[in-house]
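Since the structure comes first, as structure tokens, the remarks are kept for the end.
Rule-based calculations on the coordinates, nothing more; no lab input. What you see is a predicted model, and the numbers here were worked out from it, not measured in a lab. Don't worry about glycine lacking a Cβ; one is built from the backbone with ideal geometry, like all the others, and counts go over all protein chains shown.
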Amino acid sequence: MLYDLIIRDALVIDGSDTPGVRADVAISEGRIQRIGSLSDASAREEVDAAGRVLAPGFIDVHTHDDTVVIRKPEMLPKISQGVTTVIVGNCGISASPVSLTGNPPDPMNLLGDAAAFVYPRFTDYRAAVENARPAVNVAALIGHTALRSNHMDDLLRSASPEEIAAMRVQLRDSLEAGALGLSTGLAYASAFSAETSEVKQLAEELSAFGAIYTTHLRSEFEPVLEAMAEAFDIGRHARSPVIISHMKCAGAGNWGRSPQLLAALEKAAQDHPVGCDCYPYAASSSTLDLKQVTDAFRITITWSTPHPDQGGRDLQEIAADWGLSLLDAARKLQPAGAVYYGMDEGDVERIMSHPLAMIGSDGLPEDPFPHPRLWGAFPRVLGHFSRDKG
């Protein structure tokens, strides 16, 4: 048989947690046909991979690529890292199902302006992705904040029983159409007022579809263990697996607590499927949150709607130029985005190396000055942490 492609003499690491093996890999019609010693086989194209590793494409389990997979289907930030599958809709924000009546609420503006939200049903979004034919596979979560924005006139309060019922219908319809699960971003003001019972009622829809619950915790600072306990409680109630998004010890007062977080994760895993994702950097990135404005660590502005010229500058420099306090300067910049250098490298490495952890870039493709994790998360894991540090 003449194959389309044979990759020869590669160190094949297949993701099964077994040692790599030297092998040839034959491919036809985009599918792997044979793996082994294929000296007797031929192909239209052959690649000598001696001295190189061959592996399945990576899964970026935490992204905000919801709209970029449609607008820029070549997906260079991911393909260039070896990523071939992305999970979108994290942190309670998703491009669908969404019906806006004005500007997207924070942090939904991380996905773009109002023009980006043109998918009132998940089936609309799925069709748009399929038509765009992006270079990566796409699996989508449904955002809790997105659902709230569809049915509530004020996101700074808890939802009524009628509003929760309407959100459940929309979530169920999305799950029936192939959505992967529900995500929350309870740390953000637009969802912080949601009571645990609100999330539990929504999460009750998940188990019938084998769907998952992922969460940007209500706090990643000092109350992080309490926030993790809330997440596990929701998952057990819903009989749904739980993923803690970008698990971290945020804020200088929280540094060094990663063993406590991992112990809590391990304990929960004894009787329920749980895990976490993380990125290989000691700096986070999101919208500019006044609650996180501090002089305890560096903050860099990535974008600002009223002052776009300040993107790429440190908040401390901007405040000094304007003759304002850090907090007043942050208020003047809003709405805006920021990078927060608020983690300890030891905590990052400890969490990342845990067997219950997965890598998720959490990159923000809409940022004019994006955190390097957008393009560099997986090379940093392989290069800095695996190759250089061993």
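Take SER386, project a point 7 Å from its Cα along the Cβ direction, then tell me which residues of segment 52-76 have their backbone nitrogen under 16 Å from it. Under cut-off, by backbone N: 52-61.
Overall dimensions of segment 2-54, expressed as equivalent-ellipsoid semi-axes from the Cα gyration tensor (√(5λ), whole Å, largest first), are 19, 12, 9.
Distance distribution P(r), segment 137-290, all Cα-Cα pairs, bin width 10 angstrom from 0: 11, 41, 35, 13, 0 percent. Residue separation of MET1 and ARG157 scaled by 0.36 nm, minus their Cα-Cα distance, works out to 49.7 nm of gained length.
Which order do peptides 174-185, 230-241, 84-95 fall in by mean Cβ count within 10 Å, highest first?
Sorting 174-185, 230-241, 84-95 by mean packing, highest first, produces 84-95, 174-185, 230-241.
For segment 136-195, the alpha-carbon radius of gyration amounts to 1.15 times the rule-of-thumb value 2.2 N^0.38 Å expected for a compact globular protein. Out of all DSSP beta bridges with both ends in segment 1-85, state the antiparallel percent to the nearest 5. Expressed as a percentage, antiparallel bridges in segment 1-85 total about 50. The relative contact order of segment 284-341 comes to 51 percent, based on Cα pairs under 8 Å that sit 6 or more residues apart.
Per residue, the average separation of C-alpha pairs within less than 8 Å and at least 6 apart gives the chain a relative contact order of 14 percent. The fraction of all Cα pairs in segment 3-115 landing in successive 10 Å bins from 0 to the largest distance is 12, 31, 24, 16, 13, 4, 0, given as whole percents. Placing a pseudo-label 7 Å from each Cα along the Cα-to-Cβ vector at SER37 and ARG121 gives an inter-label distance of 5.7 nm.
Can you find, among PRO355, LEU262, GLN33, the residue farthest towards the positive end of the dipole of the chain? Put +1 on the C-beta of Lys and Arg, -1 on that of Asp and Glu. The residue sitting most towards the positive pole is GLN33. Kirkwood analysis of the Cα pair distances in segment 284-341 returns a hydrodynamic radius of 10.7 Å. Length gained on full extension, ALA263 to ASP113: 50.0 nm, using 0.36 nm per residue less the C-alpha separation.
Projecting label points 7 angstrom from Cα along Cα→Cβ for ARG22 and PHE297 puts them 4.6 nm apart. A P(r) calculated from all alpha carbon pairs of the chain, with 10 Å bins opening at zero, reads 5, 22, 31, 25, 12, 5, 1, 0 percent.
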